[in-house]
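Chemist: Structure incoming, see below.
The values are calculated or read from the model by the stated rules, or taken from the named source; none is laboratory data. Just so it is clear, the structure is predicted and the values come from calculations on it, not from any experiment. Cβ coordinates were reconstructed from backbone atoms using ideal geometry, including for glycine residues, and neighbour counts include every protein chain displayed.
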Amino acid sequence: MRSQTVVVLFTLCLSAFYAAGYRINQSNDKRLDGTLRQLLRQQQLRSNKRGGNRFIFSERSEPGDEVPLETFRQQALDKHNEYRSKHCVPALQLDDELNNIAQQYAEKLAATDTFEHSGATFHGEWMGENIYTAWSSESVLNTPGDKAVTKWYNEISDYDWNNPTSSSGTGHFTQVVWKASTRLGIGRAVSASNKIYVVANYFPGGNFNNAYEENVPRLC
C-alpha cells in the first residue's frame, strides 16, 4: 500500500475588499492533537468572520512530485477558467506583472510566517486578492495549483443569489468568477515551518458594492 500523509490545512481565503471596510482575520494555528488517525476523523469546522471565512481541514495527501511554479500557475489558471466557464464569464489570462506582485507577496508571507492581506494596488488601481495557506508534515510543494482555487470557489454553496453581496463570507468565490476581472497573477512560497502560501491577484479587482448581480452570474 502506498503511504499517505495526513495534511492539516489551515485555510483562510481572503478576497480583498478594503473599499467596503472589511477587516482581515488571521487564522490561528492549531497543534496536532492526538494521533494522525484521530485527526482524520476530526470534523471540519467553519467559522464566518468579517472579510472572509476561516476553515480548518483535515485531509489525506498522496505523496507526489514537487510541482514547478510555472506548472502550478497554469493549474491555478485552468481551474479558475473551468469555474468561470460554468458561469459563462470570460476566461482569465496570466499576467507577468501580476505574477511578480503575487510572488513577492507570497515570499513575504512565507518569510514572516504571517497571514494577512497585502493592500497592494496595480498601477495605482484597485486589485483583487485571494490568499491560501496550508501545512503538511511533509513537503507542501507537491500541492497542485488548483487546490486553493477549489477552496475559494466552494463558497458558492453559501452565496445568497437573492441578495448578491459578499457579506455572507463568500468574497473569495465572487472574486474567482468576477466577470470584469480579466487578468490573474499567482504566487507561491513555503515558510520555514513548512507552510505553503498561495496568493492570487486579479485585475481589474472585483467585489464592488452594487456590482455583484452584474459580475457574479448564476450557473449557466
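Condition check ((1) touching a strand residue (DSSP E or B) at 6+ places or on another chain (Cβ under 9 Å); (2) under 12 Å from TYR212 (Cα atoms); (3) at pLDDT below 95; (4) not in a loop (DSSP other than H, G, I, E, B)) across all residues:
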residue: TRP135; (1), (2), (3), (4): yes, no, yes, yes
residue: THR150; (1), (2), (3), (4): no, no, no, yes
residue: TYR153; (1), (2), (3), (4): no, no, no, yes
residue: GLY185; (1), (2), (3), (4): yes, no, no, yes
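Chemist: Under 7 Å between Cβ atoms, which residue pairs at least 6 apart in sequence (or on different chains) link something in segment 96-107 that is assigned by the TED database to the domain that holds GLY145 with a partner that is of a type in the set (S, T, N, Q) and surrounded by 14 or more Cβ atoms within 10 Å (Cβ to Cβ)?
Modeler: Here the result reads LEU98/ASN201; ILE101/ASN201; ALA102/ASN201; TYR105/SER118, each pair linking segment 96-107 to a residue that is of a type in the set (S, T, N, Q) and surrounded by 14 or more Cβ atoms within 10 Å (Cβ to Cβ).
Chemist: Please go through segment 170-188 and pick out each residue that is among the hydrophobic types (A, V, I, L, M, F, W, C) and buried (at least 20 other Cβ atoms within 10 Å of the Cβ).
Modeler: PHE173, VAL176, VAL177, TRP178, LEU184, ILE186
Chemist: Would you point out the residue of segment 189-211, among those that are hydroxyl-bearing (Ser, Thr, Tyr) and surrounded by 24 or more Cβ atoms within 10 Å (Cβ to Cβ), that is farthest from the chain's Cα centre (by Cα)?
Modeler: Step by step, filter segment 189-211, then rank; the result is TYR202.
Chemist: Considering only residues that are of a type in the set (Phe, Trp, Tyr) and closer than 20 Å to TYR197 by Cβ, which ones fall in segment 69-110?
Modeler: Passing the criteria: PHE72, TYR105.
Chemist: Let me ask something else. Is segment 55-68 home to any residue that is over 17 Å from VAL198 (Cβ atoms), part of a helix (DSSP H, G or I), in contact with a Leu (Cβ under 8 Å, 6 or more places away or on another chain) and at pLDDT below 95?
Modeler: no
Chemist: Quickly run through segment 115-132 and pick out the residues that are at pLDDT below 95, under 22 Å from TYR153 (Cβ atoms) and either of a type in the set (A, V, I, L, M, F, W, C) or not in a loop (DSSP other than H, G, I, E, B) (or both).
Modeler: PHE115, TRP126
Chemist: Here is a follow-up. Please work out which one of (1) surrounded by fewer than 18 Cβ atoms within 10 Å (Cβ to Cβ); (2) under 28 Å from PRO217 (Cβ atoms) is the condition GLU70 fails and give its number.
Modeler: Single failed check for GLU70: (2).
Chemist: For segment 113-137, give me the residue count where each residue is in contact (Cβ under 8 Å) with a residue 40 or more places away in the chain and over 16 Å from the mean Cα position of the chain (by Cα).
Modeler: 7
Chemist: Please state which one of ALA134, ALA211 is over 29 Å from GLU66 (Cα atoms) and of a type in the set (A, V, I, L, M, F, W, C).
Modeler: ALA211
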